[in-house]
Every structure is written in C-alpha cells, then in structure tokens.
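**Student:** Can you keep this structure in mind? I'll have questions shortly.
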Amino acid sequence: MGASISLDGISHRYKPGASTVLEGIENQIGSGECAVLIGRSGCGKSTLLHMMAGLLLPSEGCVRINGRQVVRPSAKWNMMFQKPSLYPWMNVRQNVGLGLEFAGTGKAEVRDKVDQLLDLVGLADSSTVNVQSLSGGQQQRVALARSLATHPDVLLLDEPFSALDAFTRASLQQEVTAICRARGITLVTVTHDIDEAILMADRVLIMTRNPGRIENEMAVPLPWPRDTASSSFQGHRRALMDQFEQSDGVTPLPEPESDRVRFRRVSNG
Ligand SMILES: Nc1ncnc2c1ncn2[C@@H]1O[C@H](COP(=O)(O)OP(=O)(O)OP(=O)(O)O)[C@@H](O)[C@H]1O
Ligand SMILES: [Mg+2]
C-alpha cells in the first residue's frame with residue numbers, strides 16, 4: 001500500500017504558443033505521505049493533479065509513481081473532484097461497488113467490501129438510498145468509499161470539500177486523513193484553504209502563479225488528529241498565511257515563528 005510520487009521537471013502549456021501554466025516543477029512525495037498543494041486560483045494546482053492522475057500529460061517532464069511514468073489513469077491512483085460525480089440513477093451500494101464489478105470481483109465479495117466501506121464512511125444505514133436524495137456531504141462520502149474500493153495506492157483530492165458546510169468539511173478532512181494514514185495511502189490534496197492545509201498535511205507545497213511553480217514547502221509535524229485550537233496549529237496557520245500572502249512576489253522568506261515551523265526553499269528545474 002502507498003506509493004511514492006515523483007514530479008520530474010514538469011512544465012506545461014495547454015497549446016503550443018500559449019502561456020506557460022507550469023514551469024520546472026520538481027518534487028518528491030513519499031509513500032504514505034499526506035501532501036497538500038496550496039496556491040491562488042489559476043496557479044495550476046488542478047493541472048498538476050490531473051497529471052498525477054494520468055488524465056493529462058505534461059508538455060515537458062513527467063510524473064512517476066513508484067518510479068514508473070504515469071501515462072494513463074489507473075484504479076491504483078484515484079482522483080476525487082469538487083463535485084462527487086456519482087451515477088444518479090443508482091443507489092449508494094451500486095455506486096460504491098461499481099469499480100469492483102468492472103474489475104470482475106465476484107458478487108459476494110463486492111457485497112462484503114461495500115458493507116465494510118459504507119461502515120467506514122458512516123453510511124451503513126443508507127446503502128439502498130438513491131444518491132440523489134443524499135446531502136452534499138453524504139454524496140462525498142459515497143465518492144470517498146467508491147475511491148477506496150479499488151484499494152488505491154494514491155488518493156488525489158481536488159478541493160473535494162469546498163462545497164460543504166464547515167462542520168461536515170472538518171469531519172471529512174479528519175476522516176480522510178485518518179483512513180489514508182491507517183491504510184498507508186499516499187494523499188495529495190489541492191486547496192486554497194489554509195486551515196484545510198494545516199489539518200491535512202504532513203507537508204504543504206506552496207505554489208506561485210504565472211507560471212505555476214512550487215517555490216516553498218512547509219513541514220507540519222503536528223500530532224494527529226489535529227487540534228485546530230492548539231497554539232502549535234495556530235502557529236503553523238499564521239506562518240503559512242504569511243508565506244502565502246507573500247508568495248506572488250519576490251519577498252524573501254519570513255523567519256519561522258517557532259522552531260517547529262520550518263520552510264524550505266524548493267529548487268526547480
Ligand atoms: N483545458 C484547458 N485549456 C487551456 N487552458 C487551461 C485549461 N485548463 C486550465 N487552463 C489554464 O491553466 C491555468 C491553471 O489552471 P488550473 O485549473 O490548473 O488552476 P487552479 O490552480 O486549479 O485554479 P483554481 O484554484 O481556480 O481551481 C489557468 O490559467 C487556466 O485558465
Ligand atoms: Mg483547480
């Protein structure tokens with residue numbers, strides 16, 4: 001379980017002659033690590049995540065998962081989007097089990113696995129409910145269970161909680177990281193939200209725009225589950241906010257606020 005992700009000299013233009021969206025991105029995400037990509041709108045976060053999912057090939061460089069170049073999507077690296085994109089004519093159980101059925105898993109095994117997953121995401125009582133009658137948070141739980149069904153090594157989340165209310169968002173943020181940590185799944189989450197980044201990250205990768213680059217990163221060595229009220233959480237939050245506000249300019253890095261908050265300049269190709 002888990003897989004390392006290597007971003008090797010990635011640059012991208014959507015069309016020849018168009019502006020450079022990503023430039024010289026180099027980074028390594030360790031097996032089982034929870035990495036968060038944060039940056040302003042349009043800096044290329046989704047573009048980079050689509051490349052990790054094998055949905056888009058970079059103009060230059062490549063993504064490697066466990067050393068192998070990613071050239072197409074795979075059930076081993078699943079992506080969850082802002083909208084859960086469920087099949088509206090199916091019930092909860094059918095949506096969660098679909099990937100397993102496609103993979104040729106036997107009916108009894110699908111039933112058992114789906115039961116376990118629905119338990120895990122707190123939807124055991126809703127298995128026969130049509131997904132259209134669920135709330136946004138419940139639909140994201142179905143999408144999460146579906147993503148986990150195929151035992152992915154990597155889970156890629158593109159702002160999947162941004163449409164949810166604050167309470168649902170907070171519980172799902174904690175649950176997803178707990179599940180990925182327990183299963184050793186490598187997690188990459190894209191967000192604009194500073195709190196979400198500190199809640200979910202072992203390491204925050206800070207992107208700048210025009211062109212999109214990962215200029216800095218911040219380790220978040222806080223215990224899990226994260227306590228948002230703790231002074232260390234607030235210290236990391238403040239430090240990331242300061243860094244984020246300066247990240248579009250060429251301002252030098254701020255001094256760390258405490259010896260537990262560390263920035264590291266990332267070298268790019
Ligand atoms: N299919 C596409 N064709 C051409 N340009 C695109 C395409 N998708 C994205 N872009 C451009 O690439 C840049 C980065 O877009 P991307 O969606 O990766 O940003 P983002 O950081 O995810 O933004 P947001 O936070 O708003 O979701 C933007 O300038 C966008 O207009
Ligand atoms: Mg995006």
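**Student:** So how long is each side of region 133-208 along the principal axes, counting just the alpha-carbon atoms, biggest first, in Å?
**Tutor:** That works out to 39, 28, 19 Å along the principal axes.
**Student:** Now a separate question. With each label point set 7 Å from Cα along the Cα-Cβ vector, what nm distance links PHE81 and ASN66?
**Tutor:** With each label point 7 Å from Cα toward Cβ, the separation is 2.7 nm.
**Student:** In bins 5 Å wide, starting from 0, what share of all Cα pairs of region 77-209 does each bin hold, as a percent?
**Tutor:** Binned Cα distances yield the sequence 2, 10, 22, 23, 21, 12, 6, 3, 1, 0.
**Student:** So how much slack lies between LYS107 and TRP89, counting 0.36 nm per residue of separation and subtracting their Cα-Cα distance, in nm?
**Tutor:** 4.5 nm
**Student:** Over region 128-269, what portion of Cα pair distances is larger than 20 Å, expressed as a whole percent?
**Tutor:** Percent of Cα pairs beyond 20 Å in region 128-269: 53.
**Student:** Now a separate question. Over the chain, what per residue volume does the convex hull of the Cα atoms give, in whole Å³?
**Tutor:** Convex hull of Cα atoms, per residue: 130 Å³.
**Student:** Separate question: Calculate I(q)/I(0) for region 174-232 by the Debye formula, one identical point scatterer on each C-alpha and no solvent, and give its log10 at q = 0.20, 0.23 Å⁻¹ to two decimals.
**Tutor:** -0.82, -1.01
**Student:** Going by the alpha-carbon gyration tensor, a ≥ b ≥ c the square roots of its eigenvalues, is region 15-88 rounded (a/c under 1.5) or, if a/c is not under 1.5, prolate (a/b greater than b/c) versus oblate?
**Tutor:** Rounded shape, in that the Cα axes give a/c under 1.5.
**Student:** Regarding region 18-158, what are the three Cα extents along the principal axes, ordered largest first, in Å?
**Tutor:** That works out to 48, 30, 26 Å along the principal axes.
**Student:** What value, in deg cm²/dmol to 500, does the helix sum -39500 (n - 2.57) over DSSP H runs of n ≥ 4 give at 222 nm once divided by the residues of the chain? Could the numbers behind the result be given before it?
**Tutor:** Details: 7 runs with 88 residues, N = 269.
My calculation for the chain gives -10500 deg cm²/dmol from helical runs alone.
Since every read-out is calculated from the coordinates, none of them should be taken as a lab result. Only a predicted model underlies this, so the values are computations on that prediction, with no experimental measurement involved. No Cβ is skipped: glycine too gets one built from the backbone with ideal geometry, and neighbour counts run over all protein chains shown.
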